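Asks: Provided herewith is a single structure, encoded as C-alpha cells, for subsequent inquiry.
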Amino acid sequence: MSALLLDVQGVSKRFGGVQALNDVSLQVHKGQVYGLIGPNGAGKTTFFNVITGLVPPDSGRFELGGRAYKPSAVHRVAQAGIARTFQNIRLFGQMTALENVMVGRHVRTRAGLLGAVLRTPGFKREETQTVERAQGLLELVGLGNQAAQAAHTLSYGDQRRLEIARALATEPKLIALDEPAAGMNATEKLQLRDLIEAIRDQGKTVLIIEHDVKLVMGLCDRVTVLDQGQRIAEGTPAEIQRNQQVIEAYLGSAHQPYEAEHEGPIGDPLVGDDAPNPEPAS
C-alpha cells in the first residue's frame, strides 16, 4: 500500500443542538481516489468544510503527508496542499477560463504585490509560467480551446471542469471534490470519470463527495460512509455494497444486501440522475 497522505482523527463539530460530526476519522493514501458518501444530512459537506478550513472543528487531529496542519484558514490549508471544489459553482464569471485558473496558481507564486506593481523580472517570469501552467490544465480538463471565453458563458459541465482546473492550479497534494457530478447528464459523468482517472494517473490524490453512488463504486479505491455525523463503514466498494448497515442507512432495515452483479450498487433509487439533491451545507 502507498504511503499515508491524509490522516484525520476524531473530528467532531456541533452547530447549536445539532451534532454534525461525531468522532469521525479517515485515512487516505497517496494516489487513491477515495469516496465519502452518505444520505442527505450525513455530515459529508461539514467534514469537507472542516478539513479545508471553512469551518473550525470542535476537536480533531489533522495530518497531511506526515505533518500536522491546523485547518484554521482556507489559504493556509491551500498552502499546506489541499485544494477543493464546491457543491455550488464558484467561478469569477466575467473573467476568462484562463484567468480563473491563473487565480488558483497564485497561491504558489512569490513575486508579491510590489513585484506586480513594478513588473520586476521575477514577476514577469512567474506570470509566464502561470499562463503556461494554466493553459496546460485547461487542456487536461478538455477546455484548451475555450481559454479566452468568459467563465459565465461556458456550459454547466464545462464550468464544473474549470473549477477542477483551478483547484489543480494550486499544485495540491490532495484535491477534494464536493459533488462534482451534480447536475451532469450521463455523458458528462463519463467525461468526469475519465478526468478524475487522468488526475490520479498524474500522481494526484482525490477525495470525493458524491451522491451518484454508481459513479463512486466504479471509480474509488476505498469508500467511507457517514450517517448522522458518524462513520458507519469503511472499505472497498465491494465491501461497502454488501454492508447491511450502509444499506439500512440508505434504504431502511427491510432491504437485504445486494449482490455484486446487481447493476445499481446500494439500490437503483440512489444512482444516476435519480439520486437525491445534494445535501445543504450543514
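Coordinate-derived values only; no laboratory data. Everything numeric in this text was worked out from a predicted model, so none of it was measured. Neighbour counts are summed over all protein chains in view; Cβ atoms, including those assigned to glycine, are modelled from backbone coordinates with ideal geometry.
Asks: Can you sort R166, R67, R125 from fewest to most other Cβ atoms within 10 Å of each residue's own Cβ? Working shown, then result.
Replies: Numbers: R166 27, R67 9, R125 12.
Result, fewest neighbours first: R67, R125, R166.
Asks: Between the range 1-39 and the range 70-96, how far is it from one alpha carbon centroid to the other, in angstrom?
Replies: Here the answer is 19 Å between Cα centres.
Asks: Scan around L207 for amide H atoms under 5 Å from its own, H built in the peptide plane at 1.01 Å from N, and keep only partners 5 or more places away or cross-chain.
Replies: Y34, I175, A176, L177
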